[in-house]
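Trainee: Below you'll find the structure I mean.
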Amino acid sequence: MHAPRAVVIGSGIGGLTTAVALHRSGWQVTVLERAGTLEPVGAGISLAPNAQRALDVIGLGDGIRSLAAWQGEGGMRSPDGRWLARTDSTAAAERFGGPLVLLHRATLVGHIATALPASAIRTGCPARLVDPGAAGGRPAVIGTPDGTVEAELVIGADGIHSAVRDALFPDHPGPTYAGFTTWRVLVPAPAEPFAPHETWGRGALWGTQPLKDGRIYAYAAAVAPAGERAADDERAELLRRFGDWHRPIPAIIDAADPGAVLRNDVHQMTDPLPAFHRGRTVLVGDAAHAMAPTLGQGGNQAIEDAVVLAHHVAPGADLGAGLAAYTADRLPRTTAVVRKAAQASRLMRLSGPVSVAVRDFAMSTASRLGPGLVLRTFDGIADWRPPQHTYAAGTNDAPVVRPRWTTTDENRDARR
């Protein structure tokens with residue numbers, strides 16, 4: 001029998017993972033990417049155990065876990081260096097069933113792309129949705145520079161400013177500015193060792209994390225008007241905002257190449273879409289549920305989307321029912337994560353001395369009562385399990401037919 005055709009618009013992490021998951025389940029997959037190469041925009045990405053378990057489904061989880069670099073203690077600090085909350089890698093792994101893996105986006109994209117046939121990815125090929133199709137009838141139609149393409153399934157993985165989303169839901173307001181901007185940079189490790197940390201100040205945040213290859217991934221966020229940019233360069237802006245914070249932050253900024261500091265305003269979709277699909281077309285990742293980076297879950301949720309979608313749209317199954325099941329699974333979960341990330345960003349944006357002091361006291365008190373209280377922020381997120389069998393080497397996971405996202409207690413029962 002002829003394999004049904006799926007076309008993925010966009011080759012980001014969500015698009016490529018979806019392509020691999022569909023390819024493994026029997027779809028003929030083509031990825032259309034506007035850019036001339038697969039070089040991802042961005043620096044680092046953190047993969048929590050929920051995303052790693054999703055990658056296990058397509059056979060990539062173990063390779064990603066081998067890149068984990070965080071060992072020992074870490075936590076949250078104030079700009080003067082005082083520890084507000086402490087935790088450690090062992091406690092996090094025990095609570096959620098695996099380590100936190102921080103890696104370069106290019107490394108992750110490379111790992112995922114190698115699981116696809118080389119002919120499946122077409123770069124330098126902008127695409128637009130002409131017709132979303134009808135699940136029980138006409139195929140979807142995509143326009144490309146070479147003409148139109150028909151497909152039994154189209155996946156809109158074209159990011160936060162998704163044209164596919166706009167075509168499916170033209171009346172939805174889309175993402176809105178979250179009130180802050182972010183910077184990201186990669187630098188060599190400083191001479192003095194340090195514990196991984198996030199530092200929370202007044203309307204600002206800094207994070208310094210090690211990568212497996214020895215480099216340091218640093219990120220920062222601060223309240224700022226939308227569209228604002230430094231008059232000189234963004235490295236100079238980081239020095240103005242964070243240059244008097246605790247070590248190793250000034251040294252990290254000094255080591256940065258001014259031309260390599262990335263700055264992006266943050267947009268989020270706190271107003272959820274009515275559905276993640278229409279006709280034969282479906283959305284994944286930021287196109288479906290853009291979120292603030294304050295929980296580090298944007299890419300993780302896109303990876304979850306990919307394996308859940310593939311679970312529901314097996315070739316030969318009722319596509320309409322499968323896409324409806326995908327929306328039923330993913331819309332409530334991602335809406336909850338988007339809102340939780342927005343809540344965390346509101347804490348970060350606090351700038352008044354009294355409100356910041358209350359926030360810091362609450363963090364410090366929670367830490368003294370036990371590291372589990374700090375990690376509890378990720379309960380119901382990092383302990384998620386995919387609805388299908390995983391293939392991680394050395395695991396004894398049985399097939400888990402649990403299409404809806406589960407509560408923390410259910411996840412703990414499943415691990416016993």
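The values are calculated or read from the model by the stated rules, or taken from the named source; none is laboratory data. Just so we're clear, the structure is a prediction, and the values are computed from it rather than from any experiment. In this analysis, Cβ positions are derived from the backbone assuming ideal geometry, glycine residues included, and neighbour counts consider all displayed protein chains. What goes into the accessible areas is simple: the full protein's heavy atoms, side chains included, and nothing from ligands, DNA or RNA. Shrake-Rupley method; radii C 1.70, N 1.55, O 1.52, S 1.80 Å.
Trainee: Could you check the range 268-281 and list, in sequence order, the residues that are open to solvent by less than 50 Å² (accessible area, probe 1.4 Å) and within 24 Å of Val154 (Cβ to Cβ)?
Mentor: Listed by number, the residues that qualify are Met269, Pro272, Leu273, Ala275, Phe276, His277, Gly279, Arg280, Thr281.
Trainee: Could you tell me which of the residues Tyr217, Tyr177 is open to solvent by 10 Å² or more (accessible area, probe 1.4 Å) and within 19 Å of Pro40 (Cα to Cα)?
Mentor: Tyr217
Trainee: Collect the residues in the range 180-199 that are part of a strand (DSSP E or B), out of contact with any Asp or Glu (no Cβ under 7 Å at 6 or more places or on another chain) and either open to solvent by 20 Å² or more (accessible area, probe 1.4 Å) or among the hydroxyl-bearing types (Ser, Thr, Tyr) (or both), keeping them in residue-number order.
Mentor: Scanning the range 180-199 gives Thr182, Arg184, Leu186, Pro188, Glu198, Thr199.
Trainee: Can you tell me which residue in the range 41-62 is most open to solvent (accessible area, probe 1.4 Å), limited to those that are among the hydrophobic types (A, V, I, L, M, F, W, C) and farther than 17 Å from Gln209 by Cβ?
Mentor: Ranking the candidates gives Val41 first.
Trainee: Let me ask another. Looking only at the range 362-388, how many residues end up being of a type in the set (A, V, I, L, M, F, W, C) and either modelled with pLDDT of 85 or more or part of a loop (DSSP other than H, G, I, E, B) (or both)?
Mentor: Final tally of qualifying residues: 6.
Trainee: Further question on the same structure: Any idea how many residues of the range 160-171 are within 22 Å of the chain's Cα centre (by Cα) and either among the basic types (Lys, Arg) or open to solvent by less than 60 Å² (accessible area, probe 1.4 Å) (or both)?
Mentor: The qualifying residues number 4.
Trainee: Turning to a different aspect of this structure: Please work out which one of (1) surrounded by 22 or more Cβ atoms within 10 Å (Cβ to Cβ); (2) closer than 27 Å to Ala43 by Cβ is the condition Asp329 fails and give its number.
Mentor: (2) is the only condition that Asp329 fails.
Trainee: Looking at the range 200-214 only, could you name the residues that are in contact with a helix residue (DSSP H, G or I) (Cβ under 9 Å, 6 or more places away or on another chain), assigned to a loop (DSSP other than H, G, I, E, B) and either open to solvent by less than 30 Å² (accessible area, probe 1.4 Å) or not basic (Lys, Arg) (or both)?
Mentor: As a first pass, look at the range 200-214 and keep what is in contact with a helix residue (DSSP H, G or I) (Cβ under 9 Å, 6 or more places away or on another chain): 200-206, 208, 211-213.
Narrowing further to those that are assigned to a loop (DSSP other than H, G, I, E, B): 201-203, 211-213.
Selection gives Gly201, Gly203, Leu211, Asp213.
Matching residues to (1) of a type in the set (Val, Ile, Thr); (2) open to solvent by 30 Å² or more (accessible area, probe 1.4 Å):
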site: Leu283; (1), (2): no, no
site: Val307; (1), (2): yes, no
site: Ala317; (1), (2): no, yes
site: Ser351; (1), (2): no, yes
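Trainee: Among residues belonging to the range 170-194 that are out of contact with any Phe, Trp or Tyr (no Cβ under 9 Å at 6 or more places or on another chain) and of a type in the set (A, V, I, L, M), point out the one that is modelled with the highest pLDDT. Steps first, answer last, please.
Mentor: Step one: list which residues in the range 170-194 are out of contact with any Phe, Trp or Tyr (no Cβ under 9 Å at 6 or more places or on another chain), which gives 170-181, 188-194.
Next, only the ones that are of a type in the set (A, V, I, L, M) stay: 178, 189, 191.
Numbers: Ala178: 97, Ala189: 86, Ala191: 83.
Ranking the candidates gives Ala178 first.
Trainee: Hey, does the range 63-71 have a residue that's at pLDDT 90 or above and open to solvent by 10 Å² or more (accessible area, probe 1.4 Å)? Don't jump to the end; show me each part of the working.
Mentor: In the first step, residues of the range 63-71 are kept if they are at pLDDT 90 or above; the result is none.
Checking the range 63-71: not a single residue is at pLDDT 90 or above and open to solvent by 10 Å² or more (accessible area, probe 1.4 Å).
Trainee: May I ask you to verify whether Asp254 is at negative phi, open to solvent by 10 Å² or more (accessible area, probe 1.4 Å) and assigned to a helix (DSSP H, G or I)?
Mentor: When the stated conditions are applied, Asp254 passes them.
Trainee: Suppose the filter is touching a helix residue (DSSP H, G or I) at 6+ places or on another chain (Cβ under 6 Å), among the small types (Gly, Ala, Ser) and on the phi > 0 side of the Ramachandran plot; does Gly174 pass it?
Mentor: No.
Trainee: Would you confirm, using the coordinates I've provided, whether Ala324 is closer than 21 Å to Val307 by Cβ and open to solvent by 40 Å² or more (accessible area, probe 1.4 Å)?
Mentor: Here the answer is yes, as Ala324 does meet what is asked.
Trainee: Regarding the range 107-126, can at least one residue be identified that is of a type in the set (Gly, Ala, Ser), touching a helix residue (DSSP H, G or I) at 6+ places or on another chain (Cβ under 6 Å), open to solvent by 30 Å² or more (accessible area, probe 1.4 Å) and farther than 18 Å from Glu33 by Cα?
Mentor: For the range 107-126, residues of a type in the set (Gly, Ala, Ser), touching a helix residue (DSSP H, G or I) at 6+ places or on another chain (Cβ under 6 Å), open to solvent by 30 Å² or more (accessible area, probe 1.4 Å) and farther than 18 Å from Glu33 by Cα: absent.
Trainee: From the list Arg241, Arg229, pick out the single residue that is of a type in the set (Lys, Arg), outside any helix (DSSP H, G or I) and modelled with pLDDT of 95 or more.
Mentor: Criteria check complete, one pass: Arg229.
Trainee: Is there a residue being small (Gly, Ala, Ser) and on the phi > 0 side of the Ramachandran plot anywhere in the range 278-289?
Mentor: Yes, the range 278-289 contains a residue that is small (Gly, Ala, Ser) and on the phi > 0 side of the Ramachandran plot.
Trainee: A follow-up question, please. Where in the range 34-152 are the helices (runs of 4 or more DSSP H), entirely inside, with at least 2 residues that are charged (D, E, K, R)?
Mentor: It comes to 49-57, 61-65, 89-96.
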